[in-house]
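J.: Submitted below is the structure of interest, expressed as structure tokens.
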Amino acid sequence: MSYRPRHFILQELVGPQLYAACANNPDYLWRKLNARILEAADIVRGFYGVPVIINNWHNGGRFKESGLRDMNTTTGAKLSAHKFGLALDLKLNVPIAKIHEDIKSNRLPIRFYECVNVVEINTPTWLHVAFENHMKGGIMWVRG
Ligand SMILES: [Zn+2]
């Protein structure tokens, strides 16, 4: 299964260095992004119906590590899911506590729960969603 988001371009999903390094082969970068987590971003965008920011460096914004991260970055955990293309940090104008409550109460489209199985709990201004290979069933709520 592959997935190309309806609402997001590649620059929003990778940082400027990775983007530049693969400028003549963007498909190679797309292959590094987990299909389910890309679909999850579209689902959140569609469900809340408001703009969702992931990276915005290409528009002069400050976010460049909210999608796939460089392996040598000092941001986040050493083996962060971001470094493996398995996680996205979504910023949208909805209180994060409300989004977490919606997720816990199964209010999102059912497909969301097939695309996301890790959510970080201590993220004040963003929603960290990931798809990891764990066996716990349902969503694992973790500290970032
Ligand atoms: Zn994150």
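The values are calculated or read from the model by the stated rules, or taken from the named source; none is laboratory data. On a predicted model such as this, the values are computed, not experimentally measured, just so you know. Quick reminder, even Gly has a Cβ in these numbers, built from the backbone with ideal geometry, and neighbours come from all protein chains shown. Note: accessible area is taken over every heavy atom of the protein model, side chains too, but ligands, DNA and RNA are not part of it. Shrake-Rupley method; radii C 1.70, N 1.55, O 1.52, S 1.80 Å.
J.: Pull up the range 78-92, narrow it to residues that are in contact (Cβ under 8 Å) with a residue 12 or more places away in the chain and part of a loop (DSSP other than H, G, I, E, B), then point me to the one that is most open to solvent (accessible area, probe 1.4 Å).
T.: Among residues in the range 78-92 that are in contact (Cβ under 8 Å) with a residue 12 or more places away in the chain and part of a loop (DSSP other than H, G, I, E, B), the one most open to solvent (accessible area, probe 1.4 Å) is Leu86.
J.: Looking at the range 83-132, which of its residues are under 12 Å from the mean Cα position of the chain (by Cα) and on the phi > 0 side of the Ramachandran plot?
T.: Gly85
J.: Tell me which residues, restricted to the range 93-144, are open to solvent by less than 20 Å² (accessible area, probe 1.4 Å), within 15 Å of the ligand (Cβ to nearest atom) and touching a residue at least 60 places away in the same chain (Cβ under 8 Å).
T.: Val116, Leu127, Val129, Ala130
J.: Look through Asn24, Asn55 and report the one residue that is part of a loop (DSSP other than H, G, I, E, B) and open to solvent by less than 60 Å² (accessible area, probe 1.4 Å). Walk me through it before giving the result.
T.: Numbers: Asn24 fails: open to solvent by less than 60 Å² (accessible area, probe 1.4 Å).
Going through Asn24, Asn55 in turn, just one is part of a loop (DSSP other than H, G, I, E, B) and open to solvent by less than 60 Å² (accessible area, probe 1.4 Å): Asn55.
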